[in-house]
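Peer 1: Before anything else, here's the structure in question.
The values are calculated or read from the model by the stated rules, or taken from the named source; none is laboratory data. Quick caveat, the model's predicted, so the values are computed rather than measured. With ideal geometry, Cβ positions are generated from the backbone for all residues, glycine too; neighbour counts draw on all protein chains shown. Only protein heavy atoms, including side chains, enter the accessible area calculation; ligands, DNA and RNA are left aside. Shrake-Rupley method; radii C 1.70, N 1.55, O 1.52, S 1.80 Å.
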Amino acid sequence: MSDLKTVPKPISGTSSYLDDRIGAGTFLKRNLRKVFPDHWSFLLGEIALYSFVILLLSGTFLTFFFKPSMMHVVYDGSYEPLKGVVMSEAYASALEISFEVRGGLLMRQIHHWAALLFVAGMMVHMLRVFFTGAYRKPRELNWLIGVLLLTLALAEGLTGYSLPDDLLSGAGLRITEGVAISLPLVGTYITFFLFGGEYPGEDVISRFYSLHILLIPGILLALISAHMVLMWVQKHTQMPGKGRDNHNVVGAPFYPAFMLKAGAYFLFTFAVVAGLATFAQINPIWAFGPYTPADISAGSQPDFYMGFLEGSLRLMPPWEINIFGASEFGTLPLSVIIPALVPMGIVMTGLALYPFMERWITGDKREHHIAERPRNNPHRTSIGMAAITFYGVLWLLGANDELSANFQISLNWTTYIGRVAVIVAPVIAYIVTYRICLGLQRADAAIIGHGVESGVIKRLPHGEFIEIHTPPAEDIEAHMRGKEAIQQVDVDADTDGIPPKGMRGPIGKLRGRMSKAYGGEKIPLDDGHGHGHGDEHAEITPGDDHTLTH
């Protein structure tokens, strides 16, 4: 009982109650007291988690009424403009949900907005982890789970987007079929597996439905659980600051502080999604009409997370390779294969391999529980911004027809500019970001070395005016001093002139050059505040003979 007095009553009471019944008091007491750091960026991942919960709940509601069938029916519902139109049973049931099921349209829109927020939350959370280096040892496995989660989320969005079988989603499905069938050797088999025969077939909606509500969500749920368990076991990263190091966590306990904040944040997330679903219309399928392979809508755009693949398709020149002449077997349509596989491959493969590539380049095998400020690793931050720019150009050019129509620019010119920008813009982003990071490091070094500008002007006895500098706040200084030099591999030869093992040969020499460029201290922080260097940084004292001007 004396041990229970050292913990808050809500924790001790709860753990005692359960310990008396199931013997889990010690386990609960230990885990309910687990400390979580407090920083706004750590909430980004929770947005994705709570959006996934909303998706499960709203999706369960929709499954009660949706009919995943491509059987043709004549519409006889309450939406007058489509009465008498032949359509699939899937599209008819989606219309019924929208116009005849009480709360159906609201739930459809909640589901759609939550899907967008789920993917967006995952993307922003992954960027936070990347830019702060939170993927480093011991969290590489959790990082790989996150990359897989993002990939599956894109597949989940694609399958769900196609289910209503309206003209807009059908256009996306047609692109999916074109990409699948263009793959060498396996393309026809994948197409047959999805469509059950000649496009569009009679089975694609039911098969996508099974993937969308059963297989992919089950894998997502399992991976999210593993992601959370690993985070719990490995402890959360924290930003550098006063009293924080690699051996502790500074923050609030899971229960009741973090649990209350998490519950409130879930309600905030749900309120935003419900507000968007109420006041911002999305995916009005009745305006598009049922899908027919002969029709296509003008200005059609996919959801944002598929926009970069759309852009890559639009920018790619019409290239193809005929290996065995112009036969069907020997034709490789590069204009489809490259846009479908290369951008996604570059982004996802790069994300998956980056922790291991960085460890190989720097030779850093230490455990890291303190997150890095992005400015303190300028090459990593520049690589991230180059990747974002690459993605952004492709995403923007996925709407090149809309850009051309609204800004009265030639469609051909938007395409030509996009082809150049997708290569040049990431390089420019890298250079600019690197220079910004060095500038921010210099600003930190100036604050540590000379203090903070106080806005107070001092007049010296000989008439010169200088500004008083004051020491930075203790927590701000600790935040800045959390910077560590990026580790480098040892490339120095021994007394006999023999380089270290692993640094020999072309690969070793390349690794050494990359480590020298990537690692090291770019802008070192000065020791001390520099307040004793003459009158420029002198502090104000009662006996000073000076005039102050604010």
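Peer 1: If you check ALA114, ALA134, ALA90, which single one turns out to be part of a loop (DSSP other than H, G, I, E, B), of a type outside the set (Ser, Thr, Tyr), open to solvent by less than 20 Å² (accessible area, probe 1.4 Å) and touching a Ser or Thr at 6+ places or on another chain (Cβ under 7 Å)?
Peer 2: Going through ALA114, ALA134, ALA90 in turn, the sole match is ALA134.
Peer 1: Among the residues of segment 45-64, are any part of a strand (DSSP E or B) and either modelled with pLDDT under 95 or open to solvent by 20 Å² or more (accessible area, probe 1.4 Å) (or both)?
Peer 2: No - not one qualifying residue is present in segment 45-64.
Peer 1: Modelled with pLDDT of 90 or more, under 30 Å from PRO200 (Cβ atoms) and over 29 Å from the mean Cα position of the chain (by Cα), is that true of SER69?
Peer 2: In short, yes.
Peer 1: List pairs: first residue in segment 331-360 and of a type in the set (S, T, N, Q), second residue outside any helix (DSSP H, G or I) and surrounded by 15 or more Cβ atoms within 10 Å (Cβ to Cβ) anywhere in the structure, Cβ distance under 6 angstrom, at least six positions apart or on different chains.
Peer 2: Sorted first by the residue in segment 331-360, then by its partner, the pairs are SER335/MET316.
Peer 1: On the basis of being over 28 Å from ILE337 (Cβ atoms), modelled with pLDDT of 85 or more, surrounded by fewer than 12 Cβ atoms within 10 Å (Cβ to Cβ) and aliphatic (A, V, I, L, M), does ALA226 make the cut?
Peer 2: no
Peer 1: Considering segment 184-214 alone, what residues qualify as being without any contact (Cβ under 8 Å) to a residue 60 or more places away in the chain, aliphatic (A, V, I, L, M) and not in a loop (DSSP other than H, G, I, E, B)?
Peer 2: Passing the criteria: ILE190, LEU194, LEU211, LEU214.
Peer 1: Moving on to the next point. I'd like to check something: does segment 286-308 contain any residue that is among the hydroxyl-bearing types (Ser, Thr, Tyr) and over 24 Å from ASN400 (Cβ atoms)?
Peer 2: yes
Peer 1: Test ASN283 against the stated conditions and say whether it is over 22 Å from ALA153 (Cβ atoms), of a type outside the set (Gly, Ala, Ser) and within 24 Å of the chain's Cα centre (by Cα).
Peer 2: no
Peer 1: Within segment 385-426, can you find the residues that are under 27 Å from the mean Cα position of the chain (by Cα) and either part of a loop (DSSP other than H, G, I, E, B) or of a type in the set (Phe, Trp, Tyr) (or both)?
Peer 2: PHE390, TYR391, TRP395, GLY398, ALA399
Peer 1: Let me ask another. Quick one: in segment 443-486, of everything that is touching a residue at least 24 places away in the same chain (Cβ under 8 Å) and of a type in the set (Gly, Ala, Ser), which residue is most open to solvent (accessible area, probe 1.4 Å)?
Peer 2: So the residue we want is ALA485.
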